[in-house]
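Chemist: Supplied in structure tokens, the structure appears directly below.
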Amino acid sequence: MKEKILSEMNDALMKGDRDGVVKATKAALDAGMEIRTILNDGLISAMEVVGKKFKASEMFIPEVLISAKAMHAGMALLEPHYLKSGIKPVGKVVIGTVKGDLHDIGKNIVSMMLKGACFQIEDCGIDVPPQKFVDAAKVGDVDIIAMSSLLTTSMNSMRETINALEKSGLRDKVKIMIGGAPVTQEFAESIGADCYAKDAAVAVDRARELLKKR
Ligand code: B1M
């Protein structure tokens with residue numbers, strides 16, 4: 001039964017069938033499946049296949065975009081299950097996908113899981129220029145600047161953002177976490193970020209560790 005629901009969710013996401021993804025996600029929730037299982041085995045795994053087909057030119061941008069929209073619809077149903085209301089935030093995170101980059105699914109998952117771990121999130125969205133991160137870092141007690149990049153061509157925007165934070169005198173007041181498919185620990189070290197997280201679950205662990213270092 002659970003396998004069937006996940007397989008229907010996979011098929012619907014790969015076809016870009018938004019209604020099918022919504023229906024299967026609701027069915028998975030009704031069946032009492034763990035949110036993490038629905039996210040990992042229902043949505044993310046199917047998006048990985050989309051990525052492989054895109055790379056092999058078996059799928060093209062419009063189809064990938066439709067699958068991404070279907071993924072967002074499924075994630076919107078999962079998000080309320082991550083949120084814990086009435087709990088004092090443990091820290092504040094400013095998050096965004098860096099300049100030149102429009103990919104937001106991974107960033108949104110990181111954001112959702114951080115919210116679930118009681119972090120207050122200021123989401124700057126996609127294609128975020130360095131100055132926008134700097135401006136956001138000035139508002140309230142920001143603990144962490146979290147940057148996502150999915151393109152090798154946008155990774156350098158992370159370095160530029162760190163440079164801009166340094167120039168504005170804010171670098172020592174915040175911790176910096178970076179992630180996204182092409183990003184590595186070595187890259188994080190080379191640009192002076194405080195940490196790299198390979199996925200959303202690790203991002204939550206790293207964010208907690210960064211708070212302890214403040
Ligand atoms: Co794009 N795209 N795309 N795309 N796309 C990739 C990234 C690509 C790898 C596909 C490929 O060739 N195989 C390739 C990049 C190659 C490279 O640079 N190395 C690529 C390309 C080339 C492009 C365009 C340039 C295509 C074109 O126009 N010719 C273009 C660029 C547009 C732009 O950004 N300026 C483009 C456009 C698009 C769409 C708009 C169609 C769509 C995005 C829709 C959207 O996001 N709203 C899209 C998609 C969907 C993809 C793939 C298929 C899927 C990405 C995704 O959402 N994965 C992707 C192929 C792939 O990744 N295999 C691809 C699922 C998501 C859950 O994973 O984002 O990796 P991910 O997030 C993970 C971790 O990385 C990590 O945690 C997340 C969850 O565990 N993580 C963090 C992410 N951010 C983090 C931040 C953290 C910590 C962890 O701390 C702050």
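Chemist: Among the residues of segment 102-125, are any among the aliphatic types (A, V, I, L, M) and over 29 Å from Asn40 (Cα atoms)?
Modeler: No; the residues of segment 102-125 include none that is among the aliphatic types (A, V, I, L, M) and over 29 Å from Asn40 (Cα atoms).
Chemist: Moving on. Do you know which of the residues in segment 140-161 that are surrounded by fewer than 21 Cβ atoms within 10 Å (Cβ to Cβ) and part of a helix (DSSP H, G or I) is nearest to the ligand (Cβ to nearest atom)?
Modeler: Thr152
Chemist: With the condition kept exactly as written, say whether any residue in segment 107-123 is at pLDDT 95 or above and under 11 Å from the mean Cα position of the chain (by Cα).
Modeler: Yes.
Chemist: Could you tell me how many of the residues in segment 100-111 are out of contact with any strand residue (DSSP E or B) (no Cβ under 9 Å at 6 or more places or on another chain) and crowded, with 22+ Cβ neighbours inside 10 Å?
Modeler: The total comes to 1.
Chemist: Just to confirm my filter: which helices (runs of 4 or more DSSP H) fall fully inside segment 1-109 and include at least 1 residues that are within 13 Å of the ligand (Cβ to nearest atom)? Don't jump to the end; show me each part of the working.
Modeler: Numbers: elements: 2-15, 18-30, 45-55, 61-82.
Output list reads 2-15, 45-55, 61-82.
Chemist: Go through (1) under 28 Å from Ile44 (Cα atoms); (2) crowded, with 21+ Cβ neighbours inside 10 Å and name the single condition Lys92 misses.
Modeler: Against the list (1) under 28 Å from Ile44 (Cα atoms); (2) crowded, with 21+ Cβ neighbours inside 10 Å, Lys92 comes up short only on (2).
Chemist: Residues Cys124, Cys118: which one is surrounded by fewer than 17 Cβ atoms within 10 Å (Cβ to Cβ), touching a residue at least 12 places away in the same chain (Cβ under 8 Å) and more than 10 Å from the ligand (Cβ to nearest atom)?
Modeler: None of the other options fit; the residue is Cys118.
Chemist: Please verify whether segment 138-160 includes one or more residues that are basic (Lys, Arg) and more than 26 Å from Asn40 (Cβ to Cβ).
Modeler: yes
Chemist: Within segment 162-187, which residues are surrounded by 16 or more Cβ atoms within 10 Å (Cβ to Cβ) and more than 17 Å from the chain's Cα centre (by Cα)?
Modeler: Narrowing segment 162-187 to residues surrounded by 16 or more Cβ atoms within 10 Å (Cβ to Cβ): 162, 164-165, 168, 170-171, 174-180, 183, 187.
Selection gives Ile162, Ala164, Leu165, Ser168, Leu170, Arg171, Val174, Lys175, Phe187.
Chemist: Might you let me know whether segment 189-205 holds any residue that is within 9 Å of the ligand (Cβ to nearest atom), free of Cβ contacts under 8 Å to residues at least 24 places away in the same chain, out of contact with any Cys (no Cβ under 7 Å at 6 or more places or on another chain) and of a type in the set (Lys, Arg)?
Modeler: Checked segment 189-205: at least one residue is within 9 Å of the ligand (Cβ to nearest atom), free of Cβ contacts under 8 Å to residues at least 24 places away in the same chain, out of contact with any Cys (no Cβ under 7 Å at 6 or more places or on another chain) and of a type in the set (Lys, Arg).
Chemist: If you check Glu209 against the conditions, is it surrounded by fewer than 17 Cβ atoms within 10 Å (Cβ to Cβ), more than 7 Å from the ligand (Cβ to nearest atom) and within 19 Å of the chain's Cα centre (by Cα)?
Modeler: Yes, satisfied.
Chemist: Sticking with this one: If you scan segment 18-38, which residues turn out to be under 22 Å from the mean Cα position of the chain (by Cα) and surrounded by fewer than 13 Cβ atoms within 10 Å (Cβ to Cβ)?
Modeler: Result: Glu34, Thr37.
The values are calculated or read from the model by the stated rules, or taken from the named source; none is laboratory data. Everything numeric here is computed off the predicted structure, so don't read it as measured data. Note that each Cβ is placed from the backbone with ideal geometry, even for glycine, and that neighbours are counted across all protein chains shown.
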